[in-house]
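Asker: Encoded as structure tokens, here's the structure I'll be asking about.
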Amino acid sequence: MSLARVFFCAMLALWSLTVTTHAQTQAQPEWLNSLRAGGYVIVIRHGATYMDQADTDPLNLSNVAKQRQLNDAGRAKAKEMGEAFRRLQIPVGPVVTSMFFRAIETGRLAFGDAVPTVDVAEGGLVVTPVENNRRTAAMRKLAGTAPPAGTNVVVVSHKPNILDAFGKDWFDIREGEASVFKPDGSGGYKFIVRVQADEWKKLAESTH
């Protein structure tokens with residue numbers, strides 16, 4: 001084989017690799033590239049928990065021992081999610097969580113921070129319908145509030161809160177699942193995408 005032919009084959013292989021890499025990059029969903037610029041609200045149901053535990057002292061949220069806790073898989077997945085966000089270069093600003101520890105721990109393990117508030121805490125039967133309605137409105141307000149420039153707000157809450165705020169389509173929301181919303185600048189929001197907890201790592205791996 002002549003030197004010119006060897007050079008041509010080498011250049012062809014390099015071009016093919018470049019095109020393949022570009023295609024893989026281009027295949028990333030548009031919403032993911034948008035998240036990198038900030039301006040979104042990411043509502044996450046807390047991570048996986050022990051199914052044989054219950055909240056047996058719901059009127060005393062400081063009694064963590066009487067709450068349902070993250071299990072080992074839930075803790076590991078929260079850490080994995082946070083690492084994927086960092087690899088994907090998704091900027092995270094405020095991390096608002098429920099006052100239940102499973103939500104606080106999810107926020108801390110994933111993003112290193114948590115600002116607990118009753119506004120996104122599960123109320124159930126121990127608070128009045130008026131209070132549950134107020135919390136629903138508070139969740140929607142969070143989804144419609146623009147984050148600080150260049151960042152995304154993360155909210156870690158519970159299935160009942162998410163279902164009440166965003167509707168029956170969220171009846172099957174899983175532990176660790178994220179829902180991404182774009183504030184519209186008028187107090188409302190646009191739903192963008194739902195992302196299962198396992199998907200963040202896959203997205204991060206596809207970019208490297």
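The values are calculated or read from the model by the stated rules, or taken from the named source; none is laboratory data. The structure displayed is predicted, hence computed values, not measured ones. All Cβ positions, glycine included, derive from the backbone under ideal geometry; neighbour counts span all protein chains shown.
Asker: Check whether at least one residue in region 158-170 is under 29 Å from Leu59 (Cβ atoms), modelled with pLDDT under 95 and not in a helix (DSSP H, G or I), and report yes or no.
Answerer: no
Asker: Further, regarding this structure: Hey, among Ala78, Ala73, Ala54, which residue is closer than 18 Å to Val156 by Cα, touching a helix residue (DSSP H, G or I) at 6+ places or on another chain (Cβ under 9 Å) and either small (Gly, Ala, Ser) or at pLDDT below 95 (or both)?
Answerer: Ala78
Asker: Please enumerate the residues belonging to region 117-145 that are β-branched (Val, Ile, Thr) and at positive phi.
Answerer: Those that are β-branched (Val, Ile, Thr) and at positive phi: none in region 117-145.
Asker: In addition: Considering only region 34-45, I want to know if a residue exists there that is at pLDDT 95 or above, among the basic types (Lys, Arg) and either outside any loop (DSSP other than H, G, I, E, B) or over 19 Å from the mean Cα position of the chain (by Cα) (or both).
Answerer: yes
Asker: Follow-up. Identify the single condition in (1) surrounded by 19 or more Cβ atoms within 10 Å (Cβ to Cβ); (2) in contact with a Ser or Thr (Cβ under 9 Å, 6 or more places away or on another chain); (3) not charged (D, E, K, R) that Pro147 does not satisfy, given that it satisfies every other one.
Answerer: All conditions are met except number (2).
Asker: Hey, another quick one. For region 41-87, what are the residues that are farther than 26 Å from Ala165 by Cβ and crowded, with 21+ Cβ neighbours inside 10 Å?
Answerer: Of everything in region 41-87, nothing turns out to be farther than 26 Å from Ala165 by Cβ and crowded, with 21+ Cβ neighbours inside 10 Å.
Asker: A further question on this structure: Can you tell me which of Asp52, Asp113, Asp57, Asp119 is out of contact with any Leu (no Cβ under 7 Å at 6 or more places or on another chain), under 30 Å from Ala149 (Cβ atoms) and part of a loop (DSSP other than H, G, I, E, B)?
Answerer: Just a single option satisfies the conditions, and that option is Asp113.
Asker: Here's another thing I want to ask about it. Is there any pair linking a residue in region 50-79 that is more than 16 Å from Gly123 (Cα to Cα) to one that is surrounded by 14 or more Cβ atoms within 10 Å (Cβ to Cβ) and among the acidic types (Asp, Glu), with Cβ under 6 Å and at least six apart or on different chains, and which?
Answerer: Qualifying pairs under 6 Å: Leu70/Glu105.
Asker: Here's another thing I want to ask about it. Look through region 177-197, keep the residues that are surrounded by 19 or more Cβ atoms within 10 Å (Cβ to Cβ) and under 26 Å from Ala76 (Cβ atoms), and return whichever of them is nearest to the chain's Cα centre (by Cα).
Answerer: Selected residue: Ala178.
Asker: Suppose the filter is among the charged types (D, E, K, R) and surrounded by fewer than 15 Cβ atoms within 10 Å (Cβ to Cβ); does Lys168 pass it?
Answerer: So Lys168 fits the description; yes.
Asker: In the list Thr49, Thr25, which residue meets the criterion of being polar (S, T, N, Q) and at pLDDT 55 or above?
Answerer: That would be Thr49, the only listed residue that is polar (S, T, N, Q) and at pLDDT 55 or above.
Asker: Residues Arg108, Arg134, Arg174: which one is under 20 Å from Phe85 (Cβ atoms) and surrounded by fewer than 16 Cβ atoms within 10 Å (Cβ to Cβ)?
Answerer: From the options Arg108, Arg134, Arg174, the qualifying one is Arg174.
Asker: Considering region 127-139 alone, what residues qualify as being closer than 20 Å to Trp170 by Cα and either assigned to a loop (DSSP other than H, G, I, E, B) or of a type in the set (Ser, Thr, Tyr) (or both)?
Answerer: Thr136, the sole residue that qualifies.
Asker: Next up: Is it the case that region 140-152 has a residue that's touching a residue at least 60 places away in the same chain (Cβ under 8 Å), in a strand (DSSP E or B) and closer than 30 Å to Asn33 by Cβ?
Answerer: Yes, because at least one residue in region 140-152 is touching a residue at least 60 places away in the same chain (Cβ under 8 Å), in a strand (DSSP E or B) and closer than 30 Å to Asn33 by Cβ.
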